[in-house]
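> I have a structure I would like to understand better, so I am pasting it below and will then ask my questions one at a time.
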Amino acid sequence: MDQPTREQLLYAEAAKHGVSPDQIHRAIDIIAAVQRRDREDFRTKFGGELTPDRWLAAYGVSGFRELCTRAAHRAGLPDGDVIMRIVSAIAPSPETHEDDRPVEFWARPLTDPAEAAFPAYRVTYEDPPADDSTGFDWSGMLLRRTLRQVTEHGQGAAGLEEATGVVVFTDGDLHGAYIARPAPGRVQPVCVRCGQWEQEHTLHERFGSCPQFVTTVAQLTAATAP
C-alpha cells in the first residue's frame, strides 16, 4: 500500500481539528513564506543553510506560537494553538547531524561585537548546576553593547558559531553562560538614536542607550506588517 503524502497527512490531521483543507493550506503557506525569507536572509548574511531544526530553535516555542497565531488569523481561524498542534503532529523527526555537540564546541572567539549581526536574539542564561535556562528577547544592538561591555572590560569572553550565528558569552563571576540565538521573527521597532528597543531603554545606565525612545512611522509600519 502506498504511503500517504505529507499533504494528505496534513489535511487528515487538520480535519481532526475541524480545519478545512483551504484554511490549513493558507496557514501553512504563510509559515512557509516566513521560513523562506529567514533562510534567504541567513544565506545572505552567513553563506550557509538554516536547517528547519535550527530555524525552529531560533524562534523558540513562544516565537513559533506567535507565528502560528498570525497564520491562523490570516486563514480565518481564531486560535494559533490548533495550527501548532497540526504542524507538530505531521512534522518529521528532528534531523541528526554528526556535529550535534554543544554549541560551545564549534564557537570561535568573537573578536568584534559587530559580528553579532542579527537584528534580534533569543538570549538564555544557562547554568547546568542550577538547571536555569530563562530566556528573553534582545535587540541585536543590546547584545552588541553587552558583548562590548563584557569583553572590553575583561569581565568575560564571547564566542561565535559562524554556521548558525549563535553567540555564547560569559559575564563577570557568573558560573553559567549566556547563549544568544538569532530570532528573526522577534524584531521590534528600533530607536533612531541608539538602535535598541523601547523596553530596553531602562537599561541605558549599564549599556549606554539613550534615555528616550524615538522611532519613525516607517519602522512602526514595518514592524506590524505580516
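> Contour minus end-to-end for ASP81 and ARG108, with contour as 0.36 nm per residue of separation and end-to-end as the Cα-Cα distance?
5.9 nm
> Report the full-extension gain for the segment HIS153 to VAL214: residue separation times 0.36 nm, less the Cα-Cα distance, to one decimal in nm.
My answer for the length gained is 19.0 nm.
> Under a crude label model (7 Å from the Cα following the beta-carbon direction), how far is ARG37 from GLU7 in nanometres?
Simple spin-label model gives 2.5 nm for this pair.
> For the range 6-90, taking Cα atoms only, what is the radius of gyration to one decimal and the Dmax to the nearest whole Å?
13.3, 41
Bear in mind that the values in this text are calculations on the coordinates, not laboratory data. The structure presented is a predicted model; accordingly, all values stated were derived computationally and were not measured. Cβ sites come from the backbone with ideal geometry, for glycine too, and all protein chains shown count toward neighbours.
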